[in-house]
Every structure is written in structure tokens, then in C-alpha cells.
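K.L.:
Have a look at the structure that comes next, please.
The values are calculated or read from the model by the stated rules, or taken from the named source; none is laboratory data. If you're wondering where the values come from, they're calculated on a predicted model, not measured in any experiment. Positions of Cβ are generated from backbone atoms using ideal geometry, with glycine treated the same way; all protein chains shown enter the neighbour counts. Heads up: the accessible areas ignore ligands, DNA and RNA and are worked out on the full protein's heavy atoms, side chains in. Shrake-Rupley method; radii C 1.70, N 1.55, O 1.52, S 1.80 Å.
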Amino acid sequence: MTKVEAIGKYYWEVFPLGSGPLPGCMDAVSGKSCTSAHDEVRVGEKCFLSNSYVIRDDQGQPFYSLHLLRDITAQRQAVSALAESEERFRRITETACDAIITLEGEGGTVTEWNAAAEAMFGYSKHEVLGRVLHEIITPSHFRDAAMKGMVHFAISGEGAAIDKTMELVALHKNGAEFPIELSL
């Protein structure tokens, strides 16, 4: 449809094709919402965000409206791909036979702790999330070195344990020390 053909038509007769105004537009015009509304509209494989703005006259009656459509297809695809990736990571983490622990920050706060970590160290996920890893599983005589290494890594991105498998000693919840292999 050309610009000349579109002028004078209702927007739903032009794009996105429909039998009437979008729900958010109707809400804005009727006063159910303030002066604007937002709708997601699918047209084939494309996804658009419609922002509707109602301009009212001095008596508060709808005078005209402005509709802005933005193609958000790439954003929705990225959100979907991220959700799929996160789900795949979650399934791998949950079913792995190796302990998988995710840390955040230079202090090494635990943000993920899988079932294999629960079995290996004796702590439930609930007991460790938000706590500093080295205070939980590092024997006291190795904690200073472990913390220094963590801080060095957080600052520089480098460390003696990065991209290596190391044999270390860990601490079980029951207080027993035992050998582990650590890969970062």
C-alpha cells in the first residue's frame, strides 16, 4: 500500500491488519488506562511493540491518537535464545556428576551449587547460596591463599588455577578433609 492509499484509513486497515483497534488503544481511548498503552503485535514471524498515545481535548475527550510501532523481533529472538541457553545450562548443571559451583565477585560468593556439589561437600544448595565459598569448603590453613588468589583473579582476570586442573584439599561439612581436583 502506498502512502497516498494509506492516508485517511484507520491504522488497523493499514498495519497491523486487524478488525479494529488494538486492545491497549481501546483502553487508552476509553480511559481505562492513562494516556498511553502498549501492545505486542505479531505479524507473521515479526513481532512489534505498539505504543499508543491518546491526546485529549479540553473536556478530556479523545481528540486523536498517535501509534508508534517498533520492530522487536530481534529482541524477542534474543530473549528466547537466552532462555533456551539458560535452560540447557541448568539441565547440564543439575545432571552433571561433577560438582559445579558458580561464584560471583572478588570474595567468591556462591551463586550456583549443583546436586553433585551437595553430595561431595555435604551442604545443601540452600545452605551455601550467598555465602563465601572459601569459608565453607577450604580448610582453614589454606583460606588466606585461596582468598588472595580470588581477589587477584577478580582484579586481573589471571590466576595460578585458571585453565588448569589442580589437586587440592577440600573440607566436608562434617569437618573431614578430602582430596579434590579443581578445574577453573
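K.L.:
Out of segment 135-158, which residues are crowded, with 18+ Cβ neighbours inside 10 Å and not in a helix (DSSP H, G or I)?
P.N.:
Within segment 135-158, just Thr138 meets the criteria.
K.L.:
Which pairs have Cβ atoms under 6 Å, sit 6 or more apart or on different chains, and link a residue in segment 56-77 that is in contact (Cβ under 8 Å) with a residue 24 or more places away in the chain to one that is assigned to a helix (DSSP H, G or I) and open to solvent by less than 80 Å² (accessible area, probe 1.4 Å)?
P.N.:
Pairs that qualify, where the first residue is in contact (Cβ under 8 Å) with a residue 24 or more places away in the chain and the partner is assigned to a helix (DSSP H, G or I) and open to solvent by less than 80 Å² (accessible area, probe 1.4 Å), are Pro62/Val29; His67/Tyr11.
K.L.:
Is segment 61-69 home to any residue that is closer than 20 Å to Ile180 by Cβ and part of a strand (DSSP E or B)?
P.N.:
Taking every residue of segment 61-69 in turn, none turns out to be closer than 20 Å to Ile180 by Cβ and part of a strand (DSSP E or B).
K.L.:
Moving on to the next point. Between a residue in segment 125-146 that is closer than 19 Å to Ala161 by Cβ and any residue that is of a type in the set (Ser, Thr, Tyr), which pairs come within a Cβ distance under 9 Å, given they are 6 or more apart or on different chains?
P.N.:
Cβ pairs passing all conditions: Val132/Thr109; Leu133/Thr109; Ile136/Tyr123; Ile137/Tyr123; Ala145/Thr138; Ala146/Thr138.
K.L.:
Just one of Thr95, Thr102, Thr165 is open to solvent by less than 100 Å² (accessible area, probe 1.4 Å) and under 28 Å from the mean Cα position of the chain (by Cα); which is it?
P.N.:
Thr102
K.L.:
Here is a follow-up. Search segment 8-25 for residues being open to solvent by 100 Å² or more (accessible area, probe 1.4 Å) and either within 28 Å of Gly60 (Cβ to Cβ) or in contact with a helix residue (DSSP H, G or I) (Cβ under 8 Å, 6 or more places away or on another chain) (or both), and hand back the single one that is modelled with the lowest pLDDT.
P.N.:
Result: Ser19.
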